[in-house]
Each structure stands twice: as structure tokens, then as C-alpha cells.
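These notes are about the structure you will find just below.
The values are calculated or read from the model by the stated rules, or taken from the named source; none is laboratory data. Since this is a predicted model, take the numbers as computed values, not measurements. With ideal geometry, Cβ positions are generated from the backbone for all residues, glycine too; neighbour counts draw on all protein chains shown. Surface areas here come from the heavy atoms of the whole protein model, side chains and all, with no ligands, DNA or RNA. Shrake-Rupley method; radii C 1.70, N 1.55, O 1.52, S 1.80 Å.
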Amino acid sequence: MRRGPIIGFGLVIAMLCLWLGLPVAIAQQAAPASPSVPPGQAAPATPAPMTDIHDIRPPIPVGFDAPWLILALVALAAILVAAGLFWWWKRHRRRRTIETIVPELPPEMIANQALDAIGDVRCIDGKLFYFRLSAILRQYVFGRFGVGAPEMTTEEFMPCIDRLAVDRELARQFKQLCRAMDPVKFGGVTTMERQMEGDLMFARTFVRQTTPPDPAAPAEEPAAPSPPPPPLLPQGKE
């Protein structure tokens, strides 16, 4: 919601109230006072008050106190003006601020950093290790191929692996690893550190082989051909 129109509308209301209340205050302040008696002259005699008949009392003025109303309107106008100036300053300051946008890391970098975090298999429980390894690989497949692997079950994920643009043998090994992780994750099957290290190495291989080549990287120069072997000399000749 934009605050500029609201502040401007409030300023108009405050000025209108000030414009309507000022004549009332001036009229009350300019009301004629009771005539005073000149010095040296006796005040006129007043008749004795009657005790049995009471005259009608003059009307009592009611309403707002004009001086306080003027002060309140002036204070309200000052507050609205200050709020408008603050909003204007904040808006122009925001325009001058340079926003720093941190680019999102590529999927292979995110996966490699997560794999490094579970690299020491001796200090992590096997069940926790395979839970995190499965989550890393599924998140990588989601970021690389756009497959909603993190929300799928293993049975739902298996057909999607066959449709990935990867080597068939690599896909077969990946499916085998996904099936082998479920008994450890949900069945309480124990595993060896050597098996965990091998599965971690395969995960790194899977990420590396499915990462597209960097177009900015220099192309590898072909290896120089090896020189042909020297011709064989006939026997008896040097």
C-alpha cells in the first residue's frame, strides 16, 4: 500500500480543519468586552436585586475551545508534513541504494559441498549418512534435470531415472544405489564404512559425469602423435 496518497490526503484534511477553525477562534477573540467605567467617575447605581422573581439567564456558549483547536490542528499539520518529508527521503534513499544480488550456485556445486559435509564416514551413523546421501542426490537431480525427486518415493523415482539424459550404465548403478539405501534408511540394516565410502565415491562420480561442460573453459588440446618407430635394418648391416 502506498503511503504517499494517504499522507497527502491527511495534509489536505488538516489544512481544511485549520481553515474552518481559524475564523471561529478569531470571532471569539474579537467579541466585545463589557464597557468599563472611566476613572474618576462613579459607577451607576444598580437597583437592588429582587428576591422573588428571577430573570432569564444568558445563553452559555458551548463548543470547542478555539485556541486549543488551533494548536491541535497546527500540531497535526506539522506531524503530517514531517511524515511526508520522511517518506520522501526514505523513498529517494532507497533508489540510491545499490542492491547486491548473490547469484545462485549451480546444482553440481551445491551437491559437492553437501557431499563434502558427509565425507568423514567414520564420524556419522550409517542411517543418517544414507538419509543425507539420498537427499543430496535427489536434490541434485531436481536442480539438474527438473525432476521432482525430493517429493517422490523410491518406486515413483525409479522410472524417472530411466528417462534421464545420462549414460545407461550410470543410470543402472544409480537405481541400484537408490534401492540399496532404503533398507538402511527404513529397515535398520547396518552397513560397513567401506560400503559407505564406495557409495559416496559413486555419488561424486554421478555428479561429475552429469555436469555439462563449461563453455568458457578452454578446450583440451589433442595429444601430439608419437614419432614412428625407426625402420629395422637388414641383418648383417649397420
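Values as computed for the structure displayed
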| quantity | calculated |
| --- | --- |
| Number of the exception - R93 against (1) farther than 18 Å from Q209 by Cβ; (2) modelled with pLDDT of 85 or more | (2) |
| Neighbours by Cβ (under 9 Å, 6+ apart or cross-chain): first from the stretch 166-178, farther than 22 Å from A135 by Cβ; second loosely packed, with under 14 Cβ neighbours inside 10 Å | D167/Q209; R168/D162 |
| Out of G126, G84, sole residue that is more than 30 Å from V189 (Cβ to Cβ) and modelled with pLDDT of 75 or more | G84 |
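Here's the yes/no breakdown for (1) open to solvent by 50 Å² or more (accessible area, probe 1.4 Å); (2) touching a Gly at 6+ places or on another chain (Cβ under 6 Å); (3) over 23 Å from T191 (Cα atoms):
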position	(1), (2), (3)
E108	no, no, yes
L115	no, no, no
R132	yes, no, no
F142	yes, no, yes
P150	yes, no, yes
